[in-house]
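Reading through the structure tokens given below for one structure.
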Amino acid sequence: MPVIIETQGNALTYETIEPEAGLKAALATSRADLVDTIRDSGLMGRGGAGFPTGMKWGFCAAEKADQKYVICNADEGEPGTFKDRVILTRFADLVLEGMTIGGYAVGASLGIIYLRAEYTYLRPHLNDVIQKRRAAGLLGHDVCGVEGFDFDVIVAMGAGAYVCGEETALIESLEGFRGEPRNRPPFPVVAGLLNNPTVVNNVETLASVAAIMAKGTEWFKSFGTDKSSGYKLFSVSGDCDKPGVYEFPWGITVAELLKEVGGEGAKAVQIGGASGVCVPARDFERRLAFEDIPTGGSVMVIGPDRDILDVAENFLEFFVEESCGQCTPCRLGNPQMLEAVKLLKAGACPPEFLENVKELAGTMQVASKCGLGQTSPSAFLSILEGFGDEIHNRAAGA
Ligand SMILES: Cc1cc2nc3c(=O)[nH]c(=O)nc-3n(C[C@H](O)[C@H](O)[C@H](O)COP(=O)(O)O)c2cc1C
Ligand code: SF4
């Protein structure tokens, strides 16, 4: 059963996990077996890109280095996403447990929670949890009595830039530089923070690791679909009766989700935040899963009275503002898409200009340096495709 975390306060999976059961199980396992267990669970990163967690850890574990890091990405800047805030508020111990398990698996001695500036109020809470874990021997020297396993965690603050959620920009920012994405390769697992091998994982990914180690891979794989194992937290907002954070297994259809949140009358749903796709009502039987519509968890319900071009304009204004400007396709492409939407709204967009901008959007998807520019055309293109009639009729009537 899905659970509305904030509005009903019912039990959800994280509430059923016995404290430290995951950490104890992990520390009783060899490092290689631990990485294999996470790989076998099929856990895919919950931060949006969906990279297999076990594979990422395996790459980092294979690197030879005196110093390695585990970074918890708590930047949560994707519009419409607020599930990590809830996890950090209610289940910080589980996240720290997941970080400690990650540190053991890859051979890291320091974990860093990169907390978004808007969540500054959570910093004392997180420091308090960290301090209590140190006092209980769950962090620090010889964690849980395991000789030679030293692991501690600190909290570092972001400064409010969306692009700093991108893992290499995050690392630049941690090093004290402008938060601009790096060229890859090398990937952070090889050369990350201060050039050392670094695992960057989302808050929810790390909490899920602790749950998997506590309850086992078979339990985890009993939820979801063949290619998307487990359950997921979704941040649901917009034109629905019951916005909030929900837990659903992967594979739920958009229609099923809308029924749960009281958003049946929607004309569209934006899945995956501003960088995701806009799904029109005719496609509501599609599934939220890596094999159909992948998402970091943002679900924005768009009601029947909304102007779909307002939605596109809102997202594009965001991307124009948040592009770091480092590479040309993104720096110039986002303003062009915004211009096209403004012209469409005014019923004055020449068809050849629109065709050029669509081509430019395709170029951005393949030629931008980081995920921001690669994904910012998604909403624009899916709105043009899904709402061609509405846009055309409006232009004709304008
Ligand atoms: C512009 C941009 C913003 C991002 N913001 C976040 C974020 O706030 N939180 C997050 O976990 N991942 C974010 N990511 C994805 C990270 O780069 C990275 O893939 C993720 O932290 C890896 O964790 P995971 O494998 O556990 O999903 C962002 C990516 C891009 C391109
Ligand atoms: S795609 Fe955009 S945000 Fe990413 S590096 Fe290029 S300009 Fe910066």
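Computed from the coordinates by the stated procedures, all read-outs in this text should not be read as laboratory data. Keep in mind that this is a model prediction, so the values were computed, not measured. In this analysis, Cβ positions are derived from the backbone assuming ideal geometry, glycine residues included, and neighbour counts consider all displayed protein chains.
Only Lys, Arg, Asp and Glu count, each charged at its Cβ (+1, +1, -1, -1), so figure out the dipole size of the chain about its Cα centre, rounded to 20 debye. Mind showing how you got there, number by number?
Numbers: 35 positive and 53 negative charges, 94 e Å.
Magnitude of the dipole: close to 440 debye.
Compute the helix-to-body angle for 123-135: its Cα long axis versus the longest principal axis of the chain, expressed 0 to 90° and rounded to tens.
So the helix axis and the longest Cα principal axis differ by about 20 degrees.
Cut-off under 21 Å on the C-alpha distance; same-chain residues fewer than 8 positions from Lys345 excluded. Which lysines are left, in chain and number order?
Output for Lys345: Lys267, Lys358.
Just to be sure I follow the definition: excluding the sites themselves, where is the longest run in the chain that has none of the GluC sites (Glu not before Pro) in a DSSP loop with at most 14 other Cβ atoms within 10 Å?
In short, 1-146.
Could you tell me which of rounded, prolate or oblate describes the chain, using a ≥ b ≥ c as the square roots of the eigenvalues of the alpha-carbon gyration tensor, with rounded for a/c under 1.5 and, failing that, prolate when a/b is larger than b/c and oblate otherwise?
Because a/c hits 1.5 or more and a/b exceeds b/c, the chain counts as prolate.
Taking the Cβ of Thr13 as the center, what net charge do the other residues with Cβ under 9 Å away carry, scoring Lys and Arg +1 and Asp and Glu -1? Could you put the intermediate results ahead of the total?
Numbers: positive: Lys215; negative: Glu15, Glu247.
In short, -1.
What are the trypsin sites (Lys or Arg not before Pro) within the stretch 259-298 that DSSP puts in a loop, where the Cβ has at most 16 other Cβ atoms within 10 Å? List each step's numbers first, then the result.
Values: sites: Lys259, Lys267, Arg282, Arg286, Arg287; in loops: Lys267, Arg286.
The qualifying sites are Arg286.
If you split all Cα-Cα distances of the stretch 316-386 into 10 Å bins from zero, what percentages do you get per bin, shortest first?
Reading upward from the zero bin: 23, 57, 20, 1.
Based on the Cβ-Cβ distance of Ala136 and Thr363, what FRET efficiency does E = 1/(1 + (r/R0)^6) give at R0 = 51 Å, to the nearest 0.05?
The formula returns an efficiency of 0.45 here.
Excluding Leu309 itself, calculate the net charge of residues whose Cβ lies under 10 Å from the Cβ of Leu309, where each Lys or Arg counts +1 and each Asp or Glu counts -1.
0
If we count every other residue with Cβ under 12 angstrom of Lys369's Cβ, Lys/Arg +1 and Asp/Glu -1, where does the sum land?
So the environment of Lys369 carries a net charge of +1.
Label Glu175 and Trp219 with points 7 Å out from Cα along Cα→Cβ: what is the distance between them in nm?
With each label placed 7 Å out from Cα toward Cβ, I get 4.0 nm.
What length, rounded to one decimal in nm, is gained on full extension from Leu194 through to Asn356, with 0.36 nm per residue of separation minus their alpha-carbon distance?
54.1 nm
What is the gain in length, in nm to one decimal, between Ala49 and Arg90 on full extension, counting 0.36 nm per residue of separation less the C-alpha to C-alpha distance?
Working it through step by step, the gained length comes to 12.3 nm.
Could you work out how much longer the chain between Glu339 and Ala32 gets when fully extended? Use 0.36 nm per residue separation minus the Cα distance between them, nm to one decimal.
Going from the current span to full extension adds 105.3 nm.
Compute the distance in nm between two label points, each set 7 Å from the Cα along the Cα-to-Cβ direction, one at Glu15 and one at Asp40.
Roughly 3.1 nm, to one decimal.
Under a GNM of the chain (C-alpha, springs under 10 Å), which listed residue has the highest mean-square fluctuation: Gly54, Gly347, Gly165?
Evaluated over the chain, the most mobile residue of the options is Gly347.
Name the shape class, rounded, prolate or oblate, that the alpha-carbon gyration tensor gives for the stretch 232-302, where a ≥ b ≥ c are the square roots of its eigenvalues, rounded holds for a/c under 1.5, and otherwise prolate holds if a/b is larger than b/c and oblate otherwise.
Verdict is rounded for the stretch 232-302.
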